[in-house]
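Comments concern the structure below.
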Amino acid sequence: MSETHIHLLITHLPIFGSILGGFVLIHGIWNKSNATLIAAYNVLIVSAIGAGIAYATGEGAEETVEHIKGVSKSVIEEHSESALISLIALILVGSISLIGLFVTLKQSSLMRPVSIAVLFASLIGFGLVARTGYLGGQIRHTEISTNAIVPNDKGAEDGD
């Protein structure tokens, strides 16, 4: 399995994990369930680890696609820059989640404020990683690119 394959597989984890963790966190805050808060923190920590793996394998994925005809180097660069910002955001989410996990296990009075801070961080993190994923998709999925060249199918219908 190549770095490119790993990159393509793992990139969805931070996207879906950050929003899922946020939703589970909302449920835990609403129901005042420590077990649910702990589950949410664990999902967010795993998402942050996934972001690290995705970032670490990004260079190998770039080397695979950068010489393919039709792949824009500027789109790759924009995706790469966004990925760094997303990585930093998810590391922050994971770190605050570790704190949340600790204060929840210790039954600290800081449980609610920390859980709310983690919730906001996870929602911001989700927005950033979702944008990064969108930009990454534009590298090879021309159907979502705003710069896509629409082929002229008229010649194909005429048998040309």
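The values are calculated or read from the model by the stated rules, or taken from the named source; none is laboratory data. Note that this is a predicted model, so its numbers are computed, not measured. For neighbour counting, all protein chains shown are included, and Cβ atoms are generated from backbone atoms with ideal geometry for every residue, glycine included. When the accessible area is computed, the model is the full protein with side chains, heavy atoms only, and any ligands, DNA or RNA have been set aside. Shrake-Rupley method; radii C 1.70, N 1.55, O 1.52, S 1.80 Å.
What are the equivalent ellipsoid semi-axes of region 1-113, built from the alpha-carbon gyration tensor (square roots of five times its eigenvalues), in whole angstrom, biggest first?
So the three semi-axes of region 1-113 are 35, 12, 11 Å.
Positive contributions from Lys and Arg (+1) and negative ones from Asp and Glu (-1), summed over other residues with Cβ under 13 Å from the Cβ of residue 56, come out at -3. Of all segments of the chain bounded by trypsin sites (Lys or Arg not before Pro) found in a DSSP loop with no more than 11 other C-beta atoms within 10 Å, the longest spans 107-160. Pairs of Cα atoms nearer than 8 Å and 6+ residues apart set the relative contact order; for the chain it is 29 percent. With a 1.4 Å probe and all protein chains left in place, how much of the accessible area of region 12-111 comes from carbon and sulfur atoms, in whole percent? C and S atoms contribute 70 percent here. Here is how the number arises for the chain: DSSP H runs of 4 or more residues each give -39500 (n - 2.57), the sum is divided by the residue count, and the result at 222 nm is -27500 deg cm²/dmol.
On a per residue basis, region 1-76 carries 55 Å² of accessible surface, using protein heavy atoms and a 1.4 Å probe.
Per residue, region 90-138 exposes an accessible area of 51 Å² to a 1.4 Å probe, with every protein chain left in place.
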